[in-house]
Amino acid sequence: MSKKAIWIVVACILVAIILGAGIYAGVKYYHKKQDQKKTDEAKTSSPTSTVTNNSTTAGTSSTGVVSERSNPGNTHADWLTYANFLTSYMISYPADAKIEDLSNPKAADIAHSKCIKISTDNYYVLVGSADTSNTCFRTGVGDDWSTGPTETVAPAGANYTITGMHNEAASAGYYNDFFLINLLDGVNKIEYGISVNEKYGTITKAAATDLVHQIVTTYNPAE
């Protein structure tokens, strides 16, 4: 075979390789564009949701937790407000607290719960219907304990002086207080308490008590 023929064969092989590579790259690019198009269409057609409250991380629904209504009892711009539509009330709380439905059985929507709990490691607030079948509140809290601590709080703008339950290990800096408020409207009750270890914890008993009082004070009827 002459040199000229050899060069022609080599040239044909190179052209074939280049054409094959070009076709392969074109096909690959086409499929990539098609996949991207499908992904974009899926994103456009799928509904999106925004989680507004950190309570969702505690395993509770965000539905009904953050209300757009203005709570007249709340003076904290960075607090969240929960609105209940079953017994018509609202209550505000710090953003680092969690809120959960303790109804039994649980409500389909937390906004219609018979019993909600707002809490951190150092305090809690329970709000529930005054229905006698409601198992929201702990037994014994709210009874006449003559040796218990006495506090005054003002949910819905009304002053309540209540006697609670108390236990402590002062040498270890550990304190527990629990109180129950039978609201004047007869529709709901509020139980609240603190659990503080002043020796190893991050908050004092006085600070926890003040904070939980502020939360209870934000309770208001929701028209």
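For the stretch 155-167, check the following and say yes or no: at least one residue is touching a residue at least 40 places away in the same chain (Cβ under 8 Å) and closer than 17 Å to residue 212 by Cβ. Scanning the stretch 155-167 turns up at least one residue that is touching a residue at least 40 places away in the same chain (Cβ under 8 Å) and closer than 17 Å to residue 212 by Cβ. Exactly one residue out of 179, 137 is touching a residue at least 24 places away in the same chain (Cβ under 8 Å), surrounded by 13 or more Cβ atoms within 10 Å (Cβ to Cβ) and in a strand (DSSP E or B): that is 179. Evaluated against (1) part of a strand (DSSP E or B); (2) under 23 Å from the mean Cα position of the chain (by Cα); (3) of a type in the set (A, V, I, L, M), residue 162 falls short on exactly one condition, (2).
For the stretch 91-118, a residue qualifies if it is outside any loop (DSSP other than H, G, I, E, B) and either buried (at least 21 other Cβ atoms within 10 Å of the Cβ) or small (Gly, Ala, Ser) (or both), and the qualifying residues are 91, 92, 93, 99, 101, 110, 111, 115, 116, 118.
Do you know which of the residues in the stretch 121-130 that are under 20 Å from residue 181 (Cα atoms) and either among the aromatic types (Phe, Trp, Tyr) or surrounded by fewer than 17 Cβ atoms within 10 Å (Cβ to Cβ) (or both) is modelled with the lowest pLDDT? Among them, the one singled out is 130.
Do the conditions hold for residue 194, that is, is it surrounded by 13 or more Cβ atoms within 10 Å (Cβ to Cβ), in contact with a helix residue (DSSP H, G or I) (Cβ under 9 Å, 6 or more places away or on another chain) and modelled with pLDDT of 90 or more? In short, yes. Considered as a group, the residues in the stretch 199-221 that are surrounded by fewer than 18 Cβ atoms within 10 Å (Cβ to Cβ) and charged (D, E, K, R) include one that is modelled with the highest pLDDT, and that residue is 210.
Restricting the first member to the stretch 106-127 and to residues that are touching a residue at least 60 places away in the same chain (Cβ under 8 Å) and in the same structural domain as residue 188 (by TED's automatic domain parsing), and the second to residues that are part of a loop (DSSP other than H, G, I, E, B) and of a type in the set (A, V, I, L, M), the beta-carbon pairs closer than 6 Å and six or more apart or on different chains are 118/97; 122/203. Over 22 Å from residue 96 (Cα atoms) and modelled with pLDDT under 90: is that true of residue 157 in this structure? Considered against the rule, which asks whether it is over 22 Å from residue 96 (Cα atoms) and modelled with pLDDT under 90, residue 157 comes out as no.
The values are calculated or read from the model by the stated rules, or taken from the named source; none is laboratory data. Computed from a prediction, not measured in an experiment: that's the story for all the values here. With ideal geometry, Cβ positions are generated from the backbone for all residues, glycine too; neighbour counts draw on all protein chains shown.
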